[in-house]
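Quick notes on the structure that follows.
The values are calculated or read from the model by the stated rules, or taken from the named source; none is laboratory data. Not measured: the values here are computed from a predicted model. As a convention, Cβ positions derive from the backbone with ideal geometry for all residues, glycine included, and neighbour counts pool all protein chains shown.
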Amino acid sequence: MQKLKQKTGIQIDLISSQKMDELTTMEKIRMILDGVRSDKIVILETGLSPDEESKLIEVTMSEINPDGFTGIEIETHLPTTPSGSAFINKLMGRRTPSKLTVIGPANRIETLHKDEKLITTFISQS
């Protein structure tokens, strides 16, 4: 019987907007925190609403343990829209461009650069 090699590296979960739409706020938060606690990087296609992001931070703060879970690092890339176009898109019933959110263990992910077109992140192995 052939023995499988243990894979080393970093696991990244790319979560679609369709998956996020199926979940309640608490289900989203649990899925994100369970992934991060398993040393995964979680990338959300559409990000979280401001209320969901606040709740994620609140729940994360309550679960931080100095001997274990160190918290999360979260970066959101918001789409750039010309002045006034977001309002016009909403008024016309057009979907606004989605935002991308990257979440990972605070002790493994570090944002090196962020601007309106790019997020540069360093991810360390344990």
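Worth pointing out:
- Residues that are surrounded by 15 or more Cβ atoms within 10 Å (Cβ to Cβ) and among the polar types (S, T, N, Q) within the range 99-124 comprise T101, T121, listed in sequence order.
- If you go through the range 31-80 and keep only what is among the polar types (S, T, N, Q) and assigned to a helix (DSSP H, G or I), you end up with S54, T60, S62.
- D21 meets the stated requirement of being surrounded by fewer than 14 Cβ atoms within 10 Å (Cβ to Cβ) and either modelled with pLDDT under 95 or among the hydroxyl-bearing types (S, T, Y) (or both).
- Members of the range 50-97 found to be at pLDDT 65 or above and of a type in the set (S, T, N, Q), listed by number: S54, T60, S62, N65, T70, T76
- In summary, K114 fulfils each of the numbered conditions (1) in contact with an Asp or Glu (Cβ under 9 Å, 6 or more places away or on another chain); (2) modelled with pLDDT of 90 or more; (3) farther than 19 Å from E27 by Cβ with the single exception of condition (2).
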